[in-house]
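The structure under discussion appears below in the form of structure tokens.
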Amino acid sequence: MKAIVVHECGGPEQMRFEEAPMPSVGTGQARVKLSYSGVNFIDIYFRMGLYKADLPMIVGQEACGVVESLGEGVTEVAVGDRVAYAGPRGSYAEYAVVPAWQLVKVPAGVTDALAAAAMLQGMTAHYLTHSTFPLQQGQTCLVHAAAGGAGQCIVQMAKRRGARVIATVGTEAKAELAREAGADEVILYDQVDFAAETRRLTEGKGVDVVYDSVGASTFVKSIDSLKPRGMMVSFGNASGPVAAVEPLLLSAKGSLFLTRPTLAHHVATREELLWRAGDVLSWIANGDLRLRVHKTYALSEAREAQEDLASRKTTGKLLLAV
Ligand code: NDP
């Protein structure tokens with residue numbers, strides 16, 4: 001099969017479009033013939049070597065496709081089912097072998113492209129707004145990179161839960177998209193001190209929670225944007241990983257909470273996976289969650305897709321048509 005294989009971690013040039021062995025199914029696994037793979041920032045971290053994996057590796061952790069064969073003992077899906085998943089690595093490829101319990105059947109009202117687009121960023125937005133800091137009516141959140149794939153989902157889900165959303169984005173065009181997603185206020189954080197502006201917008205109080213996927217360049221000011229006993233949710237490193245933090249900082253800034261969550265721990269059981277994926281896919285089917293696909297690339301163009309994502313010029317989801 002054709003796949004994007006990384007033999008050595010490094011720059012985008014390390015991604016080679018080549019022939020790879022067809023993966024064989026084991027007990028409890030399903031082989032899926034993929035139609036679309038999602039492109040996510042986590043794929044860049046693995047390709048760079050910031051997150052570690054055995055080499056060679058096929059990057060990509062999100063896809064939609066059709067179950068083509070099953071290993072022994074599979075009960076969750078059948079051959080011919082249209083399925084989607086997020087988590088297991090190897091989706092920049094024509095086929096992937098996935099533990100069957102991690103596959104979710106795609107409802108009729110959701111296209112393959114949208115199912116592939118929804119799983120990783122959609123379920124991330126779900127756990128952030130429903131579990132990490134379950135937003136309530138009347139609370140205020142600060143969402144960075146709000147026109148991005150994860151960002152647009154977080155804004156929509158935060159509004160759905162009745163929260164006020166202050167969003168940050170890099171450009172005026174992105175500000176428009178953040179507003180369309182439902183943001184109440186939008187700050188151009190490259191031009192304006194977003195901590196000072198957040199204080200101004202909250203009458204000096206600060207926000208209940210910051211959802212920060214940008215990392216190194218925003219961390220300190222995100223902390224400065226919180227109200228006493230607020231929660232700092234650092235869930236990404238788009239600008240680089242956050243430096244070490246002294247616990248005393250959290251005391252000095254108002255008895256703050258700090259967490260560094262990841263999706264895998266929030267879809268660790270079939271029950272939790274079906275809850276989050278069920279919500280996300282049904283909201284897409286009934287129009288309550290709108291996903292914006294920035295661009296669909298050919299599998300062989302994965303390098304260009306990752307370069308675009310890292311260069312801050314994309315908005316919404318990037319897909320590979322397999
Ligand atoms: P996005 O579509 O959000 O793209 C990244 C965006 O980050 C850019 O468009 C840009 O928006 C902003 N950004 C700010 N500074 C930089 C920089 N120096 N380099 C690149 N981008 C920058 O990507 P994703 O939705 O795929 O992912 C967003 C983040 O969420 C990533 O950090 C990712 O790791 C994280 N994530 C974490 C998960 C978890 O469970 N922990 C799961 C899913 C995603 P702007 O121009 O507006 O600043």
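The values are calculated or read from the model by the stated rules, or taken from the named source; none is laboratory data. Small disclaimer: the values here were computed from a predicted structure and weren't measured. Positions of Cβ are generated from backbone atoms using ideal geometry, with glycine treated the same way; all protein chains shown enter the neighbour counts. Areas reflect the complete protein model, heavy atoms only, side chains present, ligands, DNA and RNA absent. Shrake-Rupley method; radii C 1.70, N 1.55, O 1.52, S 1.80 Å.
Observations on the structure shown:
- Centre-to-centre separation between the Cα atoms of the stretch 109-167 and those of the stretch 64-92: 26 Å.
- Top positive-direction residue, dipole computed over the chain with Cβ charges, set P23, L263, A195: A195
- Take the chain and mark each of the trypsin sites (Lys or Arg not before Pro) that is in a DSSP loop with at most 13 other Cβ atoms within 10 Å; the longest unmarked stretch, sites excluded, is 53-312.
- Reported to the nearest whole Å, the Cα centre-to-centre distance from the stretch 305-322 to the stretch 192-243 is 25.
- Probe 1.4 Å, protein heavy atoms only - accessible area per residue of the chain in square angstrom: 41
- The convex hull drawn around the Cα atoms of the chain, when projected onto a plane and averaged over every direction, covers 15.5 nm².
- Accessible surface for H7 stands near 80 Å², nearest 10, in the context of the full protein assembly shown (1.4 Å probe).
- Annotation: amide H-H contacts under 5 Å for D81 (H modelled 1.01 Å from N, sequence separation of 5 or more, or interchain): V67.
- When the GluC sites (Glu not before Pro) in the stretch 194-301 are filtered for DSSP coil states and for at most 12 other beta-carbon atoms within 10 Å of their beta-carbon, the remaining sites are E203.
- When all alpha carbon pairs of the stretch 136-260 are counted in 5 Å bins from zero, the resulting P(r) reads 2, 12, 24, 26, 22, 11, 3, 0 %.
- Surface accessible to a 1.4 Å probe, T296 within the full protein complex, Å²: 70
- Whole-percent carbon and sulfur share, accessible surface of the chain, 1.4 Å: 52
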